[in-house]
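Enquirer: Below you will find the structure I want to go over with you.
The values are calculated or read from the model by the stated rules, or taken from the named source; none is laboratory data. Remember, it's a predicted structure, so these values are computed and weren't measured experimentally. Please note: Cβ atoms are built from the backbone with ideal geometry, for glycine as well, and neighbour counts cover all protein chains shown.
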Amino acid sequence: MTKQVCRCLVISFVLSLWMICGISQVRAFVARNGDDVTIAAEEVIDNDLYAAGETIVINGLINGDLWVAGRTVVINGAIKGSILAVAETITMTGRSDHTIRLACRNLDFSGHTDGDLMVMAAEMNISDTGQIMGDLLFVSGKSTVNGPVGSNMIGAGSDVLLKNHVIGNVKLRVKRLVLSPSADIAGSLFYSSENKADIPSGARILGSVTHKLPVVKVDYQHSQIRPFLKIIEKVMSFLMALITGFVLILIAPKRLTSISESIGKNPWPSLGWGTVILFATPPAAITIFFTIVGAPLALIAIALYLMVIYISQIPVGLYIGRWIIRRFFKVESKAIMAGALALGLFIIGFLRLIPFLGFWIGLAVILLGIGSVVVSEKQIRKASREYIASV
């Protein structure tokens, strides 16, 4: 990764919203980036830490929040604040005093949190040394919970294996649920599944056990036309994005081209900025909701947030289309740009149809699209300052 990634992790978007709401004090932060980012065991950071890189290893003490994005993330140190991590693989043996939010493909958790643990992963493993004092909230394909949960356990997934104590209730939507003889649920067990849970005689459940079969709604009247309705839905979504892109091409072709080109020139900064804005905006909006300014500004922020997510596919689609078409034509006229946009949006829509992989492709499109706007704006301002200085 380039050294410019640290600049992408500046949370000016969130800070601006907070300042609008009259919050007078904002905690400082430290940004780190590189192919390999390591916080040594003896290192102490007294502020929030924002880090991005291929491999990120946290061994030291963070006296604030930790926000990280990378391919491999290892957290061995102590985090006094909350944690937000997005990576392909996350390993945690350290400690956090607050809520942990993780999105990854593979999670190996053997650490400790005094707050909640919120996970979205393909495979999640909570080892027997892992301790969750709050709730465990997860969406995971395969989940193994060996460590104790200090409150409720709520999740959804394919296979779930529970081996330890759960102080509260367990509510799951699964394909297969297995409890080991050492499982101990102090509350009630409620699960929705096509299969009956495997509960051995040694497992203890103090509350009630409720098994609910998933509701399958069959609409015979429309069952024949439903596949066609889904096709129409996809086509309409494609046409709406295409029309929106055409309008942007007519209004600001150079600006849209600049944004799309920043994806190819600065992909990692675009991903970094996109990650920050995508995950930081909802909690910022919630904060705004409870300030003096109140609900109206929060609702406006959420509306703009959803709008940005929707149009994020346009610069990415234009970049993909331009990358293909300019091998045959010069992409200069608005007509050729429109054709490139149509080609790129079609490719994105097709890739999103791929099972499981389509979700990650859609997420990457959103992150790149949002982040490219910020990176492009920074480049324009930098060029403007350099021009003024040279005059």
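Enquirer: In segment 46-65, which residues are in contact with a Leu (Cβ under 8 Å, 6 or more places away or on another chain) and either part of a loop (DSSP other than H, G, I, E, B) or closer than 20 Å to residue 91 by Cβ (or both)?
Expert: If the condition is that a residue be in contact with a Leu (Cβ under 8 Å, 6 or more places away or on another chain) and either part of a loop (DSSP other than H, G, I, E, B) or closer than 20 Å to residue 91 by Cβ (or both), then 49, 50, 51, 52, 58, 62, 64, 65 are the ones that fit.
Enquirer: Using the structure shown, decide if residue 149 is surrounded by 17 or more Cβ atoms within 10 Å (Cβ to Cβ) and among the aliphatic types (A, V, I, L, M).
Expert: yes
Enquirer: In the list 164, 152, which residue meets the criterion of being of a type outside the set (A, V, I, L, M, F, W, C), more than 28 Å from residue 275 (Cα to Cα), in the same structural domain as residue 69 (by TED's automatic domain parsing) and within 24 Å of the chain's Cα centre (by Cα)?
Expert: 152
Enquirer: Only one of (1) in contact (Cβ under 8 Å) with a residue 24 or more places away in the chain; (2) within 30 Å of residue 276 (Cα to Cα) is not met by residue 112, so which one is it?
Expert: (1)
Enquirer: Return the pair list, or none, for Cβ contacts closer than 7 Å from residues in segment 30-57 that are among the β-branched types (Val, Ile, Thr) to residues that are surrounded by 23 or more Cβ atoms within 10 Å (Cβ to Cβ) and at pLDDT below 80, at least 6 apart or on different chains.
Expert: Matching pairs, first to second residue: 37/53; 55/70; 56/70.
Enquirer: When the residues of segment 67-76 are narrowed to those that are at pLDDT 90 or above and buried (at least 24 other Cβ atoms within 10 Å of the Cβ), which ends up nearest to residue 105 (Cα to Cα)?
Expert: 73
Enquirer: What do you reckon, is residue 110 modelled with pLDDT of 80 or more, small (Gly, Ala, Ser) and at negative phi?
Expert: It is true that residue 110 is modelled with pLDDT of 80 or more, small (Gly, Ala, Ser) and at negative phi.
Enquirer: Given the condition within 22 Å of the chain's Cα centre (by Cα), closer than 22 Å to residue 71 by Cα and small (Gly, Ala, Ser), answer yes or no: does some residue in segment 343-357 qualify?
Expert: There is no residue in segment 343-357 that is within 22 Å of the chain's Cα centre (by Cα), closer than 22 Å to residue 71 by Cα and small (Gly, Ala, Ser).
Enquirer: Got at least one residue in segment 27-41 being at pLDDT 90 or above and under 20 Å from residue 268 (Cα atoms)?
Expert: Scanning segment 27-41, I find at least one residue that is at pLDDT 90 or above and under 20 Å from residue 268 (Cα atoms), so the answer is yes.
Enquirer: I'd like to check which strands (runs of 3 or more DSSP E) are fully inside segment 90-204 and have at least 1 residues that are of a type in the set (Phe, Trp, Tyr).
Expert: Ranges flagged: 100-109, 136-145, 189-192.
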